[in-house]
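The values are calculated or read from the model by the stated rules, or taken from the named source; none is laboratory data. Everything numeric in this text was worked out from a predicted model, so none of it was measured. Here Cβ is always computed from backbone atoms with ideal geometry, including for glycine, and neighbour counts include all displayed protein chains.
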Amino acid sequence: MSATDGPTDEHWIDPEIIRPYVVTRGRTAPTRGRFDLISMALAIGPPPGPDAGLDPEHLSILRLCREPKSVAEIAAHLNLPAGTIRVLLGDLFDRELVSAQEPQSEVDMHDVKMYRAVLDGLRSL
Amino acid sequence: MVFDRSERPRLPRAIKILVAGGFGAGKTTMVGAVSETRPLRTEEILTDRSVGVDDLSSVEAKRTTTVAMDFGRITLNDEYVLYLFGTPGQERFWFVWDELAEGALGAVILADTRRLADCFPSVDYFERRGTPFVVAVNCFEGAPSYDLPEVRLALQLNPSIPIVMCDARKRDSSREVLITLVKHSARLRAEPVG
Ligand SMILES: Nc1nc2c(ncn2[C@@H]2O[C@H](COP(=O)(O)OP(=O)(O)O)[C@@H](O)[C@H]2O)c(=O)[nH]1
Ligand SMILES: [Mg+2]
């Protein structure tokens, strides 16, 4: 196939589908990763230098997470699937560049204090 | 600023509530009415395997589907953040529902009286899963008007499940629905809160 060949119907793959795999270098997003959609992440430590081996997407996440953000919010702002964000967030977590909630630290659904906080918060909207 | 590893910054704890119902029932509208920003959107990529097709003999089996979810955020205080997810109300997306329902405070099922049957799958799903839920009847102009006992009967709802009228476009009305859910969930899982 020469470089001038355009994509044929058979070989055409939507770039929107490919991008997530490129960003994660083919690491597939686990169906149940370490983080779920509402796991919160916060950037910690000094900003990494250019030798840290991070991709632009990693740096975007760090900028976004100067305030606590959920996986879902990061995904929406970076326009990437949540599964991809989990993989990237895992990289940052391993390098101690973000503090993140793991599913074990889930909110306790039997905690009456939590229900009161939600009620008070909704009432003051 | 010096960061000490032993002193982990405090992250708010995240709570989620699902807003379910048929197409056009007002899910995104409700999420937007109470959230602090306009609804955001996230997508999950599903392979056919995860939506239940398991024919590996054909290349077609590697096709992917994306499921979009609308969501919004309400920062409650320093300690808690609430997320509302408008979930696609189709049975074939059970894979997404399972992840969303895991650890959720509860669900609002929006019932549109023009297409009441559209919320049957949601009612079934949350009943089976044991997720606390309330039914909110969204009042569209020109829609057949039923009273709440009629809708309850049509949906075969257990008498203990709250059912309320709402206008998903109005912040106050949507907020009342959420308050009804929070009280219901607290009653079931913790203790009554006022
Ligand atoms: N009259 C009326 N219209 C509504 C109400 N809630 C939503 N709508 C309209 O119904 C349409 C579909 O709502 P949308 O939130 O997109 O539905 P979704 O598919 O469940 O997310 C939009 O045009 C809304 O403005 C309501 O309570 N009353
Ligand atoms: Mg919608």
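Quick look at the values:
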item	result
Residue list for segment B:82-97, filter: out of contact with any strand residue (DSSP E or B) (no Cβ under 7 Å at 6 or more places or on another chain) and either within 14 Å of ligand 1 (Cβ to nearest atom) or free of Cβ contacts under 8 Å to residues at least 12 places away in the same chain (or both)	B:Gln90
Filter result (in contact with a Ser or Thr (Cβ under 9 Å, 6 or more places away or on another chain) and under 19 Å from B:Leu148 (Cα atoms)) within segment B:164-175	B:Val164, B:Met165, B:Cys166, B:Asp167, B:Ala168, B:Ser174
Residues within segment B:22-41 that are outside any loop (DSSP other than H, G, I, E, B) and more than 6 Å from ligand 1 (Cβ to nearest atom), tallied	7
Residues of segment B:120-136 satisfying the condition of being buried (at least 18 other Cβ atoms within 10 Å of the Cβ) and not small (Gly, Ala, Ser)	B:Pro121, B:Val123, B:Tyr125, B:Phe126, B:Thr131, B:Pro132, B:Phe133, B:Val134, B:Val135
Only listed residue being out of contact with any helix residue (DSSP H, G or I) (no Cβ under 8 Å at 6 or more places or on another chain), under 22 Å from A:Ser70 (Cβ atoms) and within 11 Å of ligand 1 (Cβ to nearest atom), chosen from B:Ala68, B:Ala104	B:Ala68
Search result, residues across segment A:32-59 that are under 11 Å from A:Glu96 (Cα atoms) and in contact (Cβ under 8 Å) with a residue 24 or more places away in the chain	A:Leu42, A:Ala43, A:Ile44, A:Gly45, A:Pro48
Close pairs from segment B:20-33: first within 14 Å of chain A (Cβ to nearest Cβ), partner within 6 Å of ligand 1 (Cβ to nearest atom), Cβ under 7 Å, at least 6 apart	B:Thr28/B:Gly86; B:Met30/B:Ala168; B:Val31/B:Gly86; B:Ala33/B:Ala168; B:Ala33/B:Arg169
From the options B:Ser173, B:Ser185, residue that is surrounded by 19 or more Cβ atoms within 10 Å (Cβ to Cβ), away from ligand 1 (no atom under 16 Å from the Cβ) and within 14 Å of chain A (Cβ to nearest Cβ)	B:Ser185
Residues (modelled with pLDDT under 90 and more than 16 Å from ligand 2 (Cβ to nearest atom)) located in segment B:79-92	B:Glu91, B:Arg92
Subset of segment B:34-72 (residues that are in contact with an Asp or Glu (Cβ under 9 Å, 6 or more places away or on another chain), at pLDDT 95 or above and within 7 Å of chain A (Cβ to nearest Cβ))	B:Leu40, B:Phe71
Segment B:137-163, residues that are outside any loop (DSSP other than H, G, I, E, B) and surrounded by 16 or more Cβ atoms within 10 Å (Cβ to Cβ)	B:Val137, B:Asn138, B:Val151, B:Arg152, B:Ile163
Segment B:10-31, residues that are within 10 Å of ligand 2 (Cβ to nearest atom), small (Gly, Ala, Ser) and crowded, with 24+ Cβ neighbours inside 10 Å	B:Gly21, B:Ala25, B:Gly26
